[in-house]
Every structure is written in C-alpha cells, then in structure tokens.
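So the structure is just underneath, and the comments pick up after that.
None of the figures in this text is laboratory data; all of them are computed from the coordinates on show. Just so it is clear, the model here is predicted, and its values are computed rather than measured. So basically every Cβ, Gly included, is an ideal-geometry build from the backbone, and we count neighbours across all protein chains shown.
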Amino acid sequence: MLDAAHASAWHWSAVGTELNRMRSTMLLAEVHALLGFGASALRYAEEMRAYFVGRETPDWELAFTHVIHAHAASAAGSVEVHRAAYEKALTAIKAIADEEDRAIVHKTFCQVPMP
C-alpha cells in the first residue's frame with residue numbers, strides 16, 4: 001500500500017497538474033496515517049490542506065481534506081489539531097450535496113478515531 005501510494009505520487013509529480021499532485025499528497029497522508037506514520041502523515045496532510053482550503057474546492061474534496069487531516073493529526077498524536085479537523089470533517093460531510101459522494105467520504109471518515 002505504501003509503495004503504491006508513493007509510486008502514484010511519483011507518477012503525478014512527473015506528468016500531472018498541481019491538482020493531481022495535491023490529490024496524490026492527500027493519498028500519501030491517508031496511507032501514512034493508516035500505517036501509523038504520524039509525523040509524515042501530518043506533514044503531507046498540512047501541505048494538501050493548505051492547497052484545498054485555499055481555493056474553490058468541490059464539497060466532497062473539501063470533506064476528504066478535513067477527514068484525512070483529522071486522521072493524520074490523530075496518528076501524529078496532535079490532540080487539538082485532531083479535534084478541530086474532526087469537527088470540520090463532520091461539518092464538511094454534512095454539506096456534501098450528493099448522497100453518493102457523502103457515502104464515499106463517510107467510508108474514509110469511519111477510519112478516523114474520535115477525539
């Protein structure tokens with residue numbers, strides 16, 4: 001899983017747009033969080049969060065941003081960041097207009113420990 005995420009990131013850094021690179025950074029943040037690599041997960045999550053929060057972003061992608069940021073903060077043991085990101089994730093998930101998109105994001109959210 002880790003090798004696949006890094007291979008994807010390498011690919012998109014070579015041929016993709018900035019959006020592609022940030023989506024691959026989001027993937028790296030989530031995989032590192034899932035594997036318990038808190039410090040690197042949070043570094044990736046902070047980078048992609050700055051990108052997606054700073055521009056017009058689809059509702060589902062903004063929700064993923066907060067969900068994965070919360071997961072990374074939890075893995076890093078950053079209690080206050082985890083709590084704040086978790087609350088933002090809850091709000092962002094509720095704001096997703098499309099029910100199918102909301103269900104997809106919620107599947108990832110279920111992996112995030114509660115603060």
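Name the shape class, rounded, prolate or oblate, that the alpha-carbon gyration tensor gives for region 39-94, where a ≥ b ≥ c are the square roots of its eigenvalues, rounded holds for a/c under 1.5, and otherwise prolate holds if a/b is larger than b/c and oblate otherwise.
It comes out oblate by the Cα gyration axes.
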Original post:
Scanning the chain for helices, which whole DSSP H stretches are 18 Å or more long along the axis (Cα) and average -0.5 or more by Kyte-Doolittle?
Top reply: 2-15, 18-34, 38-53, 59-76, 79-94
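Could you give the size of the charge dipole of the chain about its Cα centre, using +1 on the Cβ of each K and R and -1 on the Cβ of each D and E, expressed in debye and rounded to the nearest 20?
240 debye
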Original post:
Roughly how many nanometres apart are two label points built 7 Å out from the Cα toward the Cβ at Ala14 and Cys110?
Top reply: 3.6 nm
Subject >> Cα gyration tensor shape of region 13-54, rounded if a/c is under 1.5, else prolate or oblate by comparing a/b with b/c >> reply: oblate
Original post:
Going by the alpha-carbon gyration tensor, a ≥ b ≥ c the square roots of its eigenvalues, is region 2-109 rounded (a/c under 1.5) or, if a/c is not under 1.5, prolate (a/b greater than b/c) versus oblate?
Top reply: oblate
Subject >> Relative contact order (percent, whole number), the chain, Cα cutoff 8 Å, 6+ residue spacing >> reply: 22 percent
